[in-house]
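Nothing in this text is a laboratory measurement; each read-out follows from the coordinates by a stated rule. Note that the structure is predicted; figures quoted are calculated from it, not measured. Glycine also receives a Cβ, built like all others from the backbone with ideal geometry; neighbour counts cover every protein chain displayed.
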Amino acid sequence: MGNYSASLDKAFRALSDPTRRAVLSRLINGPVSVKELAEPFEMGLPSFLKHIKVLENSDLIASKKEGRTRTCYLKPKQLAKAEHWLGRQRALWEARTDRLAEYARSLASKESVK
Amino acid sequence: MTDEHSELTISRTIHAPRSAVWAAWTEREHFEKWWIPEPIKCQVVMMDLHPGGGFATRMSEDGGQTFKPHVEGCFLEIVPKERIVFTTCLTENWRPFDPWLALTAIITMEDEGGHTKYTARVLHKNQEESRKHQEMGFEEGWGTTLEQLDKVAVDLVAQRQ
């Protein structure tokens, strides 16, 4: 269960950026080379590749290299998980519990100083 | 019977004594700091810690100028420093309510060698009844992400048909 929520957290983090969402939308129509994917964006290739890396690490996309061309394609399974309402609720309560843990810890350390 | 399709259990060891965790949960000024993620502001409207007591929070996405309802519910059980149970299917004084997201949350706190074992078990309606929650992404600032995600998912389904 821990792995499930950790991977879902990654997916949500990956989805939090407009460039990465645009890449996902584009890949819906089929595999696209990194070079073509990068074209519409006003950023250097190294910055763009960082976004691709985040998407790959979150398991939302994968890529393969043929000759000199790297092509990206969508991995719908992780996306489907994040889309499911219970997955969203889990991510919400996980994050909420982390915030509480952090807050209570700082509260306790403040009180022990008093 | 547990239902993996409509139930969540989240556990953490919190590195603080139970009294601190209890205070963080039950005192308004503390609760408002963690219930909703930054930069959205949370305001506790009701936190009446007894069975039948009202529980209500509001949220502000414009730095505290305007607030809209967030959670509205009713406490079902309160055991100081041990257990909090609330539901969104009732409001203050057990009045029936039809929430946008029906849930019952069972929060427990146990000692664990000077730390606290914190568990949140969250029960939802069964899956069939939960279809309407597809549109529920507009909570806690997930709006844009989930709008986009829904679009991607819908397109994906359309592609496959």
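Observations
- In sequence order, region B:12-20 has phi-based couplings of 9, 8, 9, 7, 7, x, 4, 4, 6 Hz under the Karplus curve 6.51 cos²θ - 1.76 cosθ + 1.60, θ = phi - 60°, and Gly or Pro positions carry x.
- Counting neighbouring Cβ atoms within 10 Å and putting the fewest first, the residues A:L107, B:L123 line up as B:L123, A:L107.
- Proxy reagent accessibility, fewest Cβ within 10 Å first, across B:D98, A:D17, A:D9: B:D98, A:D17, A:D9
- With each label modelled as a point 7 angstrom along the Cα→C-beta vector, the B:E38-B:T108 pair spans 3.3 nm.
- For region B:24-36, putting each phi into the Karplus relation 6.51 cos²θ - 1.76 cosθ + 1.60 with θ = phi - 60° gives couplings of 4, 7, 9, 9, 3, 5, 7, 4, 5, 7, 10, 4, 10 Hz, in residue order, rounded to whole numbers and with x for Gly and Pro.
- The label point for A:K50 and the one for B:L49, both projected 7 Å from the Cα toward the Cβ, are 4.4 nm apart.
- Computed from backbone phi, the HN-Hα couplings of region A:59-73 come to 6, 7, 9, 9, 9, 9, 10, 10, x, 9, 10, 9, 10, 9, 9 Hz, rounded to whole numbers (Karplus: 6.51 cos²θ - 1.76 cosθ + 1.60, θ = phi - 60°; Gly and Pro given as x).
- Amide H contacts of B:E112 (H built 1.01 Å from N, under 5 Å, at least 5 apart or other chain): B:K117
- Pairs of lysines in region B:7-136 (C-alpha under 21 Å apart; 8 or more residues apart or interchain): 7
- Reachable lysines, given that their alpha-carbon falls under 17 Å from the alpha-carbon of A:K75 and they are not under 8 places away in the same chain: A:K10, A:K53, A:K64, A:K65, B:K151
- Placed amide H near B:T91: partners under 5 Å, 5+ positions off or other chain: B:F97
- By the count of other C-beta atoms within 10 Å, a proxy for reagent exposure, B:H50, B:H70 are ordered fewest to most as B:H50, B:H70.
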